[in-house]
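**Student:** One structure is given below, represented as C-alpha cells, and several questions about it will come after.
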Amino acid sequence: MNSFCHYRVDLGARSYDISIEAGGLDRVGEAMRGAVGDAGRCLIVTNTVVAPLYLSRVEASLSAAGWQSVSLILPDGESSKTVANWSLVLDALMESKLARNEPVVALGGGVIGDMAGFAAACYRRGVPLVQVPTTLLSQVDSSVGGKTAVNHPHGKNMIGAFYQPKLVWIDPLVLTTLDGRQLRAGLAEVIKYGLIRDAAFAERLKVLMPDLLQLRSDAIAEVIHTSCRHKAEVVMRDEREAGERALLNLGHTFGHAIEAITRYRRYLHGEGVAIGMRMAARLSEQVGLAPAGLEQQVVALLQAAELPVAVPSFTAAQWLDAMGHDKKSVGERLRLVLMRGVGRAQIVDSVGKAEITTLLDSF
Ligand code: NAD
Ligand code: GLY
C-alpha cells in the first residue's frame, strides 16, 4: 500500500483532491497553495485537544509556504458543536477580515470539520475550506463530501449546509495520539461501508481488525484508502443526498437519537452509529427484508472492533420523539436505511411507529 494516495472527487466546479500521506501534515501549506491559489491569509480552526498536539506544525507549514495564519482554538467535544461556537468562528472571521478567496483550515475531528466548514460556507457566502482531519472518523468519512453542520438541542446536525472543501489533507500518522475509544468509534464508520456496499471489504475487516486496533500502519492506510474511495464514489453520484447518498446514514437515525437523548455526552457518534447499525440489522430481519442471521453477522463485526452493541433502555416515547426530529423522517413514516444482507443496503420509506415499537420491545 502506498503511503501517498490521491483521489479526485469529481463534482465539476466543486471538484477537489483527497490526499492520504503519512507525515503529510508538514506539507499542508504547500498543498493549500495548489488547491486554493496564491498564499495570503487564512484562519485555522481547531480545539483545545488538537492545538497542543498539531497546531504549531500546521502553522509552521503554512508560514513556510507563505501563508499568514490566525488560529482559533475552540472547546473540545460533541457538546461544543453549537450555534454559539459556530458564531465564535464567524467572529474570528469578521475580526480577521478574511477576504473571499482566503481559506478556513479545519484542523481536528468531525466536530471541528463540521463547525468550521459551516462557518466557511456562511462567511461572505462562502470562502475556501481546507479539511485537515485528525481522527479516524473524520479521515474516513466526515471530511469528505461537504456536509457541514452544528447541532440543535432538538436534533443533531439540523443546522448546516452542503459545502465542499477545496482540499482534504489526511495524515494517518496523527492517529497515533488518538485514544483507543475514539479509534474504535471511527471503525464504526469504516464497518458501515462494508455493510452498505462492499461485502468483500466487510470480510477483509474481520482479518484486519486486530491490526487496526493496534493501529498498524498498513491496515490503517488500507481502510482509510478504501473508505475514502467509497465515500467519494457515493458523493460523486449523489452530492446532495437525493437518493443513494442516504445509504451512508445506515444506523444514523437510531444513533442520532441515542446521542440526542443522552445530550451528546454519553456516547461517541461512532458508538451511536454502531448500536444503530445493530438495530437496523434486527429491523431488516423483522420486516422480512433480510434473512435471519444478519444481526448476528453485524454484531460479530462490531464486537470484533470492540464497539458497544447494547441498546440503551430509553422509553418508546423518548426514541420516537428523538427519531421524529431526525432529518431523514418523511411525515409520519420514517426513512430508514435497512439491509438485504451484508453489503446490500436499501432505503425503506415505509417503517411506521408500530414496527419501531415492536423493534424496541424486542431488546
Ligand atoms: P471529535 O471531532 O469530537 O473528535 C474526537 C476527539 O478526539 C475529540 O476530543 C478531539 O479533540 C480528539 N482528537 C482529534 N484529533 C486527535 C488526535 N489526532 N489526537 C488526539 N486527540 C484527537 O469527533 P469525531 O469522531 O472526529 O467526529 C464526530 C463528528 O463528526 C460528529 O459531530 C458527527 O456528527 C460528525 N460527522 C460528520 C459527517 C459529515 O459527513 N460531515 C460524517 C460523520 C460524522
Ligand atoms: N456521513 C453521511 C454523509 O456524508 O452523507
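**Student:** Each label point is 7 Å from the Cα along the Cα-to-Cβ direction; what then is the distance between the points at Arg333 and Arg265, in nm?
**Tutor:** Using points 7 Å along Cα→Cβ, the separation is 3.8 nm.
**Student:** Please give the residues of segment 216-249, grouped as numeric ranges, whose backbone N is less than 15 Å from a label point set 7 Å along the Cα-to-Cβ vector of Ser15.
**Tutor:** 233, 236-237
**Student:** Tell me, in nm to one decimal, what length is gained between Arg204 and Thr315 on full extension, where the rule is 0.36 nm per residue of separation less the Cα-Cα distance?
**Tutor:** Answer, rounded to one decimal: 36.2 nm.
**Student:** So if I place +1 on the C-beta of Lys and Arg and -1 on the C-beta of Asp and Glu, and nothing else carries charge, what would the dipole magnitude of segment 63-104 be about its Cα centre? I want it in debye, nearest 20.
**Tutor:** 160
**Student:** Of the listed pairs Lys166/Lys231; Lys147/Lys231; Lys147/Lys206; Lys81/Lys192, which have alpha-carbon separations greater than 19 Å here?
**Tutor:** Long pairs (Cα-Cα over 19 Å): Lys147/Lys206; Lys81/Lys192.
**Student:** Along segment 192-198, what does the Karplus equation 6.51 cos²θ - 1.76 cosθ + 1.60 (θ = phi - 60°) give for ³J(HN,Hα), rounded to whole Hz, x for Gly and Pro?
**Tutor:** 3, 4, x, 5, 6, 8, 8
**Student:** Moving to a separate point now. Would you kindly derive the ³J(HN,Hα) couplings of segment 278-286 from the backbone phi angles with the Karplus curve 6.51 cos²θ - 1.76 cosθ + 1.60 (θ = phi - 60°), listing them in order in whole Hz, with x for Gly and Pro?
**Tutor:** 5, 5, 4, 5, 5, 5, 4, 5, 4
**Student:** Still on this structure, please answer the following. Separation between the Leu53 and Ala65 pseudo-spin-labels, each 7 Å from Cα along Cα→Cβ, expressed in nm?
**Tutor:** For Leu53 paired with Ala65, the spin-label model returns 2.1 nm.
**Student:** In terms of modelled amide H atoms, which long-range or inter-chain residues lie less than 5 Å from the amide H of Met339?
**Tutor:** Answer set, sorted by chain and number: Ser284, Gln346.
**Student:** For segment 1-134, state the average projected area of the convex hull of the C-alpha atoms over all orientations, rounded to one decimal in nm².
**Tutor:** Average of the hull's projected areas for segment 1-134 equals 8.1 nm².
**Student:** Separate question: Label Arg33 and Ser362 with points 7 Å out from Cα along Cα→Cβ: what is the distance between them in nm?
**Tutor:** Distance between label points: 5.9 nm.
**Student:** List the extent of the Cα atoms of the chain along each of their three principal axes, largest first, rounded to whole Å.
**Tutor:** 59, 41, 37
**Student:** Also, I was wondering about something else. Could you tell me, in Å, what Rg and Dmax come out for the Cα atoms of segment 115-247?
**Tutor:** That works out to 15.3, 48 Å for Rg and Dmax.
**Student:** Next question, about the same structure. Using mean Cβ contacts within 10 Å as the protection proxy, how do 103-112, 205-214 order, highest first?
**Tutor:** Descending mean neighbour count gives 103-112, 205-214.
**Student:** Sorting check: for 139-147, 11-19, 300-308, 84-92, which peptide has the highest mean count of neighbouring beta carbons within 10 Å, and how do the rest follow?
**Tutor:** In descending order of packing, they fall as 139-147, 300-308, 84-92, 11-19.
**Student:** Something else about it: Mind checking the dipole of the chain: about its Cα centre, +1 per Lys or Arg Cβ, -1 per Asp or Glu Cβ, Debye to the nearest 20?
**Tutor:** That gives the chain a dipole magnitude of about 520 debye.
**Student:** Just to check I understand the Karplus step: with θ = phi - 60° and J = 6.51 cos²θ - 1.76 cosθ + 1.60, what whole-Hz values come out for segment 351-357, glycine and proline as x?
**Tutor:** 7, x, 4, 5, 5, 5, 4
Where a number appears in this text, it was derived from the coordinates with a stated rule and is not lab data. What you see is a predicted model; the values in this text were computed from it and never measured. Quick reminder, even Gly has a Cβ in these numbers, built from the backbone with ideal geometry, and neighbours come from all protein chains shown.
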